[in-house]
Structure formats: C-alpha cells, structure tokens
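As structure tokens, the structure follows; a few thoughts come after it.
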Amino acid sequence: MEDLPILELRRIEANIIKPIYDEMVRALGKEQAQEILGRAIIQNAIDHGRSLAERDDVTADLRGFAALLPQWTRQDALEIDFLAETDRALDFNVTRCRYSEMYHEMGLGEIGHLLSCNRDGSFCTGFNPDIKLSRTQTKMAGADHCDFRYTYESADE
C-alpha cells in the first residue's frame, strides 16, 4: 500500500467509509456520525504521522515534513504555490485540490473536510508536535485556495 498514491488510497477509503457513514447517519444522526468519523480520522492521521516520523530515512522536523509533500501531490493531486520554506516556516497555497474534487464527485462533499482537511494539522501532532498548522480557508469549503502556514515552534529553543 505504500506505493499507492495517497489520492487513490483516499478514494478507496472513501468508497469503504461512505456506506458506513450513511448507516451511522441513519442510526445516530448526522452530527454524531460526523463527530465519530472526525475523531477516527484524526487519530488515524496522528498515528500515520508518528509512524512516518519513526522511519530511519525521515527527519521529524519542518524540512523533513516538507520532504514528505510529494507523497500527497502524486498524480497531480495538488497544485501548490510555495511562498516560504525555511527551518521555521513552510507556507504555501493549494490552488487545485483533486482530493476535494474527488469527494464532491463521490457525493461526499459534506464530509470531505473530515476525510482529508482535518488530517493536515493532526498529522503534525504525530509527526512532530512542534510543527503547527494555521489555515483559514480551504477549497473543500469553497475558497479559491487553501492557505497552509506551517511553523516550527519548539519550546526547547
């Protein structure tokens, strides 16, 4: 599964999650179904970040995090305009997001933010909790771009 582009992995996951989510909505209501799904996806993102940080070929700092971006951009999944890349800041805008497009095409636009967008900051919690994400808008929510602003904020320095 490691060789599978993340866009395709998310498509497979969404096809499995959709009927489960639909049943959760019928049984629990939309709000509770989204709350449960959101918690599960956040924990999965934290675990994924932690597992990547533990690999021998990865440095768990902001530059190491930036080096992982090609995993998420494979198959032109994201079009990115980079604004800054330093030891303390990684700023970019996503001008095209095929994840968002895919979820909307699958009829999952109302939970696309749970399936993808919520992973972004949560992944950092597992990868390195000193890496923080600030984002004020997403294409998933209808903005013309996503504004990713990652900072490295170590208390030790």
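Some observations on this one:
- Matching residues in segment 15-37 - criterion: being surrounded by 11 or more Cβ atoms within 10 Å (Cβ to Cβ), of a type in the set (G, A, S) and at negative phi: A33
- The number of residues in segment 118-147 that are in a helix (DSSP H, G or I), touching a strand residue (DSSP E or B) at 6+ places or on another chain (Cβ under 8 Å) and of a type outside the set (D, E) comes to 2.
- Restricting attention to segment 43-55, the residues that are within 22 Å of Y99 (Cβ to Cβ) and loosely packed, with under 15 Cβ neighbours inside 10 Å total 3.
- Unique match (being in contact with a Gly (Cβ under 7 Å, 6 or more places away or on another chain) and either part of a helix (DSSP H, G or I) or more than 29 Å from K30 (Cα to Cα) (or both)) among Y150, Y103: Y103
- Set V94, V58: member being crowded, with 19+ Cβ neighbours inside 10 Å, of a type in the set (A, V, I, L, M, F, W, C) and not in a helix (DSSP H, G or I): V94
- Reported count of residues in segment 102-157, each being of a type in the set (G, A, S), buried (at least 18 other Cβ atoms within 10 Å of the Cβ) and either touching a Lys or Arg at 6+ places or on another chain (Cβ under 6 Å) or on the phi > 0 side of the Ramachandran plot (or both), is 1.
- Residues of segment 11-49 satisfying the condition of being small (G, A, S) and more than 17 Å from N118 (Cβ to Cβ): A27, G29
- The listed residues are S134, S116, and the only one of them that is among the hydroxyl-bearing types (S, T, Y) and either over 25 Å from K30 (Cβ atoms) or in contact with a His (Cβ under 6 Å, 6 or more places away or on another chain) (or both) turns out to be S134.
- Residues that are within 21 Å of C117 (Cβ to Cβ) and among the acidic types (D, E) do not occur anywhere in segment 52-70.
- In segment 61-85, residue surrounded by the most Cβ atoms within 10 Å (Cβ to Cβ) [restricted to those that are part of a helix (DSSP H, G or I) and among the aliphatic types (A, V, I, L, M)]: L62
Laboratory data are not the source of any read-out in this text; all were calculated from the coordinates shown. A quick note: this is a predicted structure, and the numbers were derived from the prediction, not measured. Ideal geometry is used to build each Cβ from the backbone, glycine not excepted, and the neighbour counts take in all protein chains shown.
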